[in-house]
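Every read-out reported here was derived from the displayed coordinates using simple, explicitly stated rules and does not represent laboratory data. Computed from a predicted structure; not experimentally measured. Please note: Cβ atoms are built from the backbone with ideal geometry, for glycine as well, and neighbour counts cover all protein chains shown.
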Amino acid sequence: MPIIATCACGRSWSGNNQAHCRMCHEPSSTVKTYNAHRPGPRKRDGAPTCGKPADITRTKRDGTVVPVLRVVQYADGPTWVSYTEDNRFEEPES
Ligand SMILES: [Zn+2]
Ligand SMILES: [Zn+2]
């Protein structure tokens, strides 16, 4: 039986399937996707803040700006996944 996790926002999901943000309640497919939705601005205390997943982009080597995350319909509901799940997300250094 999968572990069912729930959140105060009303979302429930299978424990292994998602990394749900307890702050902005955006459901992410993986921890990597979860990390991607929190690019900053990083505060002096080092805590990243949530961004709007749809607004998060990255710049490819050729200068093209592309979205990082897209939403797909999972059994648990709409869920953010990385634009190409097999593409390694390049964490911006700051
Ligand atoms: Zn969040
Ligand atoms: Zn939630």
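Listing Asp62, Asp76, Asp55 from fewest to most neighbouring C-beta atoms within 10 Å gives Asp62, Asp55, Asp76.
The phi torsions of the range 66-71, fed into the Karplus equation with coefficients 6.51, -1.76 and 1.60 and a -60° offset, translate into couplings of 10, x, 9, 10, 9, 9 Hz, rounded to whole numbers, with Gly and Pro shown as x.
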